[in-house]
Amino acid sequence: MLKTWVATAGAVALSIVPAGAATPGSVTGTVTASSLRTSANLVVSLEAPGLKVTPPAAPAVVDQKDMHFVPHVLAIVKGETVEFHNSDTVAHNVFSPEGEYDLGTWQHGQSKAHTFAKPGVYTQLCRLHPEMEGFVDVLDTPYFEVTHDNGRFDIKDVPPGTYTLHVWSEKLKGTTKKITVESGKPTSVHLTLTK
Ligand SMILES: [Cu+2]
């Protein structure tokens, strides 16, 4: 009896609520990487079949400043362009050891752009300064955030549904967790990364 009622209610709801009318929820929480100096720079993303990504019109920026890639970890969507700047007085290069690109070497104040067509994690290195390292994580989902200093993240405007939450770390083994986002509600997630 109960089963019949649920099925009927579902069918009615489907017929009167236009697709996409549900109020978005959010996914907030922390990832703790206690073996690392900081729980920042972990990429938290929500994956589900059929998600569409729209690259923003303005490019994302990675600077080379004080001999570091800034930000150290950048998360973007498939098809997005990154402008690589050089704010130092020395020349820098950017190449990816994954073999996708070498943008050459350029001076202070100049920049080069690269569009990331395929999802994946791309290490950023500089041929002139082997100690420099950064990462661009190209995602196939619009729902993601890079964790802040305390490991906190807050992914807003997530449509209700079930997702696989992924955590990527440059040093530790990543993890996944199935989560459900309800209409108009925050979903709280706390995870710990181990070696
Ligand atoms: Cu350099």
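Readers should treat all values here as calculations from the given coordinates under stated rules, not as data from a laboratory. All values derive from a computational prediction rather than experimental measurement. Here the Cβ positions follow ideal geometry from the backbone for every residue, glycine too, while neighbour counts run over all protein chains shown.
Relative to the current alpha-carbon distance between Ala113 and Ala58, full extension at 0.36 nm per residue lengthens the span by 18.6 nm. Over the range 135-180, the pair-distance histogram of Cα-Cα distances with 5 Å bins from zero comes to 5, 16, 27, 33, 14, 5, 0 percent, rounded to whole numbers.
Expressed as a fraction of 2.2 N^0.38 Å, the C-alpha radius of gyration for the range 52-140 is 1.01.
Listed cross-link partners Lys112/Lys177; Lys118/Lys178; Lys112/Lys185; Lys112/Lys178; Lys52/Lys195 are compared with a 30 Å cut-off, the Cα-Cα value being larger for Lys112/Lys177; Lys112/Lys185; Lys112/Lys178; Lys52/Lys195. Stretched out straight at 0.36 nm per residue, the stretch from Glu133 to His190 would grow longer than its current Cα-Cα span by 17.7 nm. If R0 equals 35 Å, the separation of the Cβ atoms of Lys156 and Thr105 corresponds to a calculated FRET efficiency of about 0.35.
Going 7 Å from the Cα of Thr81 in the Cα-to-Cβ direction, what parts of the range 109-132 have a backbone nitrogen less than 17 Å from that spot? Zone members listed by number: 110-118. The translational diffusion coefficient of the chain, from Stokes-Einstein at 10 °C and 1.306 mPa s with a Kirkwood hydrodynamic radius over alpha carbon pairs, comes to 85 µm²/s.
Tell me the angle of helix 2-16 to the major Cα principal axis of the chain, expressed in degrees between 0 and 90 and rounded to the nearest ten. On a 0 to 90 degree scale, this one is about 60.
Taking every DSSP helix (H) stretch of at least 4 residues in the chain, weighting each as -39,500 (n - 2.57) and dividing the sum by the residue count yields a mean residue ellipticity at 222 nm of -2500 deg cm²/dmol.
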